[in-house]
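The values are calculated or read from the model by the stated rules, or taken from the named source; none is laboratory data. Given the structure is predicted, the values throughout are model-derived calculations rather than measurements. All Cβ positions, even for glycine, are placed from backbone atoms using ideal geometry, and neighbour counts span all protein chains on display.
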């Protein structure tokens, strides 16, 4: 049996290894090593926990069985999941962290002796506060992530669900959660504990339903952050350093990602969280819907334009993920490169449904990461490029964001696609994007619309090159 | 006056938030998806709490309400740990540099 001091030191080591795991992600070269540090930290934490309990009775076998079941399911999912389904997977994983936090809190509440927290009905006040915060945040993470998962998976409509009195209702539930925590701590009543959990599940659900599909990058990052804070809350309860460090890391990581995503849309965090974006704007766009002329072309025209170009910039978006067009795109680019055409990729921070979504898909299609650029890095290059190939992106290319202060997306950083000599825009129809506003780019003199499925169009262009 | 151990834990917590802040800002944007999946995996270190809960049943009965919650939490966290690290590994293996020979 390991002494408490020694195990605390091992927990500290595993916490440090987790920091190094995140540090590794600063560049693709060091990232694999970082992941290895993470795995090592986890092995240390689990081994130390077993050794510090030192009770190798039949309970140990059961623990191993449950560990193995979970491990097998996890490994199976990790190998089977297609890269396009990554946002759903991450949302699903967040929900599991949340639920695990809730269950650990319940176990600690029912059997506080096991955690040295006092006895049932007489739990140390500090531990009870930490436990109930951990449980509440965990429950919010769980139900919120489930909704995010359903929306991303398409089981639930991605459009915002709003109803009258939504914000007051949410406010009432949030306030009652604080009151419940206070009452729980003064009475130790288990009924209040269950009500607290139920209220937290409910608010998680209500907070996410009004948020629309394209705001999912913010939602996923936010839930990522919550899962960290839940873990930290439990870490305080269990007086476990590894858990406190990890919770803080994950919590701040998710918060930073949410901030980056909000900045990418030029919207405040509260604006996103209050939801309903995209629904109200539709009426505005219908008013000024005069028919404007659009030039449309076919794969042949597109191939001709690109063949005569010397540099091409590709702008991928969520549509590419939906059409699974990343491999076809890479083949097209290979052909272009054979003709000595310079090709680079421009990624908007909120392209796709989660931070870094497009980068992973391009990496999957064997696109070298040093050909892929972020908005700030590449935005000046559009003016010198011959062709911009927009595939599955829409709002992030809309010049209206720079010109029209009335527009709901005014001020959002956009890719300066229109500065290219010509723009090829692959899209299924002229329908407006998520923000519900018309894209001025469609009607520009130098824009050629390619109305087709992204994957099919890309393949056709390759044939014509 | 002795300092409450809680204060030490709070110090660790707050310093870790700062570490997290600086470390995450240095993560390259192209690796933001692996960042999310790996943070998922590491936050499942909550499994240590689940293991303690699972092993807390006395020797005559391994299963009581508390330990059952512990056991289920072990499985949930294990899905995340294995799934999170492996899927991160899979993603990171795809990030390749341009071939130099061409």
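Worth a mention:
- Single condition residue A:52 does not satisfy, out of (1) buried (at least 16 other Cβ atoms within 10 Å of the Cβ); (2) more than 7 Å from every other protein chain (Cβ to nearest Cβ); (3) at pLDDT 90 or above; (4) over 24 Å from residue B:27 (Cβ atoms): (3)
- For the range A:330-349, taking the residues that are assigned to a loop (DSSP other than H, G, I, E, B) and within 29 Å of the chain's Cα centre (by Cα), the one that is nearest to residue B:28 (Cα to Cα) is identified as A:349.
- Residue tally, condition more than 14 Å from residue A:99 (Cα to Cα) and buried (at least 24 other Cβ atoms within 10 Å of the Cβ), over the range A:129-157: 4
- All conditions but one from (1) touching a strand residue (DSSP E or B) at 6+ places or on another chain (Cβ under 6 Å); (2) within 22 Å of residue B:90 (Cα to Cα) apply to residue A:385; the one that does not is (2).
- So residue A:145, is it touching a helix residue (DSSP H, G or I) at 6+ places or on another chain (Cβ under 7 Å) and closer than 20 Å to residue B:51 by Cα: no
- Number of residues in the range A:17-48 that are closer than 16 Å to residue B:39 by Cβ and in contact (Cβ under 8 Å) with a residue 24 or more places away in the chain: the value is 7.
Residue by residue, here is whether (1) assigned to a helix (DSSP H, G or I); (2) out of contact with any helix residue (DSSP H, G or I) (no Cβ under 7 Å at 6 or more places or on another chain) holds:
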position	(1), (2)
B:14	yes, yes
B:35	yes, no
B:56	no, no
B:89	yes, no
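- The condition (being within 8 Å of another protein chain (Cβ to nearest Cβ) and modelled with pLDDT of 90 or more) is satisfied by just one residue among A:24, A:98, A:15, A:59: A:15.
- Checking each residue in the range A:210-251 for being under 16 Å from the mean Cα position of the chain (by Cα) and either at positive phi or not in a helix (DSSP H, G or I) (or both) picks out A:211, A:212.
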